[in-house]
1. Past the 25 Å Cα-Cα mark, which pairs from 188/257; 146/320; 47/101; 188/280; 26/289?
2. Nearest 20 debye, what's the magnitude of the dipole of the chain about its Cα centre given +1 on Lys and Arg Cβ and -1 on Asp and Glu Cβ?
3. Return the long-range amide H neighbours of residue 128 (sequence gap of 5 or more, or a different chain), with a cut-off of under 5 Å between placed amide H atoms.
4. With n ≥ 4 as the cut-off for DSSP H runs, can you work out [θ] at 222 nm for the chain, using -39500 (n - 2.57) per run divided by the number of residues, rounded to the nearest 500?
5. If you average over every viewing direction, what projected area does the convex hull of the Cα atoms of region 1-97 give, in nm²?
6. May I ask you to give the solvent-accessible area per residue for the chain, in square angstrom, as obtained with a 1.4 angstrom probe?
7. Give me a comma-separated list of calculated 3J(HN,Hα) values for region 102-115, in order, Karplus coefficients 6.51, -1.76, 1.60 applied at θ = phi - 60°, integers in Hz, x for any Gly or Pro.
8. Relative contact order for region 12-85: what is it in percent, counting Cα pairs under 8 Å that are at least 6 residues apart?
Amino acid sequence: MLSRTVPSLAQVGLIGVGKMGEAIAKNLVAAGHSISMFDVNQENLAKIAAEDPANLKASRCVREVAEECSTVVTMLPNDKVLNHVCREEGLVDALASSHDKSLHVSCSTVSPYTSRELSDFHLAASAGSKYVGAPVFARPDGLALKQASFTMSSACPDALSEARTLMEPSNGKVFEFGNDPGAGNVTKLCGNFLIATTIESLAESLALAEANGVDRVAVKDMLTSTIFDCLIYKGYGQRVSERDHQPGGFALELGLKDVGLVLDTAHRSGVPMPFGSVMKDGFTAAMSKGRENLDWSALGLGASENAGVDVSKAVEESAKHLPEVLRPDAIVKAKKN
């Protein structure tokens, strides 16, 4: 049973209850909210709701959540799903028709153009329907510890204040980026691009050390305790140096999606990003080897393979907790058939 720290506040809707959504839901409950949730994975949704039935309600559909809650948070995997939920599944229509004032806080990593279009779509449905782009920097374990960072922006200044009041006490820090609904998403893409290039640069550097007989883990330990002493280098340094790419944080296929968003935004903005093309090729190569369900740090295996290192045991070990059909060898076999 989840414990509460303050008396009950307003009911909040949540669409998308994967690992990240689950952490957001539980943090909001701990802050005093009750949650009405929906996810296409009904079995997992029911399991989460059963942990605290007084505060976590499993809803039957998107519209039911929006009709019950004037504030809805979405935590969805990509632009296509977010658009489908907002348009075809009726999130925006239900919010506009059920409430004089409503707030949609989108925590998904999507294109800034998607956020701008959805902001307009909300306002066209109702002047009181407000959209906040609020992508989050965190892996599920960090989010559960309220160590997230939200990069928020909205065409409605008061909506930013409402979103901050909701998310900052319960889930982590909020950084505001003004009245362009896509600005927070641009910031998130900048950050994810830097993480992706960090994974690749770590992998290449450690492959160089290993090829010269220097212990790759020892090199990582030295660098991340001195000149690269920060969260990203430490966390991904451990995964890359030890070739530990067990899933559960951020899937490799999502890394390819985000690099694609970076390149699309760069192209539409007239900004050359040559490293982005290198990253896209690296993720695409990893996908061709069936590694989409591993952690996105598995991008780094390519540098070892290019240096002549057999990484098959590392891949097998990293994938051992996946269902057989989601393991790299099974995916490659299925693609061939």
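The values are calculated or read from the model by the stated rules, or taken from the named source; none is laboratory data. All values derive from a computational prediction rather than experimental measurement. Glycine also receives a Cβ, built like all others from the backbone with ideal geometry; neighbour counts cover every protein chain displayed. Just so you know, the surface numbers come from the protein's heavy atoms only, side chains and all, with ligands and any DNA or RNA stripped out. Shrake-Rupley method; radii C 1.70, N 1.55, O 1.52, S 1.80 Å.
1. Result: 146/320; 47/101; 26/289 exceed 25 Å.
2. The dipole of the chain has a size of about 120 debye.
3. Hits under the 5 Å cutoff: none.
4. -16500 deg cm²/dmol, from helical runs alone.
5. Its Cα hull, projected and averaged over all orientations, spans 5.6 nm².
6. About 46 Å² of surface per residue is accessible.
7. With the stated coefficients, region 102-115 comes to 8, 9, 10, 9, 9, 9, 6, 8, 9, 5, x, 5, 5, 5 Hz.
8. So the answer I get is 40 percent.
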